[in-house]
Amino acid sequence: MLKSPHLLGIKDLDAESIDLIVKTAKEFKEVLNRPIKKVPSLRDVTIANVFFENSTRTRLSFELAEKRLSADTINFSASGSSVKKGETLLDTVNNILAMKVDMIVMRHASPGAPHYLSKHIKANIINAGDGTHEHPTQALLDTFSLREKLGDLAGKKIAIVGDILHSRVALSNIYALKKQGAQVRLCGPSTLIPKHIQSLGVEVSHDVKDTLQWCDAANVLRIQLERQQIKYFPSLREYAQFFGITRKILDELPKEIVLMHPGPINRGVELSSDAADSPHSIILDQVENGVAVRMAVLYLLASRA
């Protein structure tokens, strides 16, 4: 059982809770590989997916996880809703809760939006991404995927490469990996590395080839142009030249590393196609594991209620 009624961020979880989610996800992954993939665990639970930002993988993953658990679901999208007419976040959610909803899965552009809601409503809240702050279920599925490949993460060397500054995935992964005893190195242009990030106990490098030689696994992040208000580097072509990862670079390494990406991939920028589709890559495993991990989170929070 989780200690909190919500999943707002990895910062709020301890190592024991992360272990519990991963172990529960492992059991649900076995369920997903059966001929009948559905279980009645959340038959009487109603879940609202409230997305104020665009999403493909996360939204579909949560919807499928909810259906596999036999929950009733409703889907809300800000576009075409009363939010466009000026309705507040709290009023929007309270109107959804008036329909007897038990859990809210929410993505919002404003950092801290799920935390704000958690103080004003009684339903369980799962943060599906809040601005550039956190994306806890992505970090949990990354943890699950890494453990499948590397086993215990204590002492393992994990690199996070790319646009660290604008990434909620990076921050959640840093918290998750450090809580499990992993060594973490961030790599990217100096303009895309947040100031004082080393206070979280991570290394910083601007040499992608050296970082790949150092690490056991590399989690590659895309350049988030939609969040960038100014130019942080001259061009995508130049970024790809200095920080892009290709199959040639991977093949020249003295060891085999695990290659990850939360998606969507900007092919030819942070990853070449032959790298993304190489045997090093577990990107599609991450997508598959996302359903099991989100099933685990939904189940554990509903069990706690």
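The values are calculated or read from the model by the stated rules, or taken from the named source; none is laboratory data. Computed from a predicted model, the values in this text were never measured in an experiment. So basically every Cβ, Gly included, is an ideal-geometry build from the backbone, and we count neighbours across all protein chains shown.
For this structure, a couple of remarks:
- Residue pairs whose Cβ atoms lie under 7 Å apart, separated by 6 or more positions or on different chains, with the first residue in the range 266-280 and on the phi < 0 side of the Ramachandran plot and the second among the charged types (D, E, K, R) and part of a helix (DSSP H, G or I), are 272/247; 274/247; 275/247; 278/247.
- Tally of residues being among the aliphatic types (A, V, I, L, M) and either assigned to a loop (DSSP other than H, G, I, E, B) or modelled with pLDDT under 95 (or both) across the range 153-195: 7
- Some residue of the range 46-57 being touching a Lys or Arg at 6+ places or on another chain (Cβ under 6 Å), surrounded by fewer than 21 Cβ atoms within 10 Å (Cβ to Cβ) and modelled with pLDDT of 95 or more: no
- Residue count for the range 196-226, restricted to those that are buried (at least 20 other Cβ atoms within 10 Å of the Cβ) and assigned to a helix (DSSP H, G or I): 3
- Only residues that are touching a residue at least 40 places away in the same chain (Cβ under 8 Å) and either outside any loop (DSSP other than H, G, I, E, B) or aliphatic (A, V, I, L, M) (or both) were counted across the range 52-77, and they come to 11.
- Restricting attention to the range 65-84 and to residues that are modelled with pLDDT under 95 and among the hydroxyl-bearing types (Ser, Thr, Tyr), the residue that is nearest to residue 43 (Cα to Cα) turns out to be 77.
- When residue 41 is tested against (1) within 29 Å of residue 179 (Cα to Cα); (2) surrounded by 14 or more Cβ atoms within 10 Å (Cβ to Cβ); (3) among the hydroxyl-bearing types (Ser, Thr, Tyr), only condition (1) is not met.
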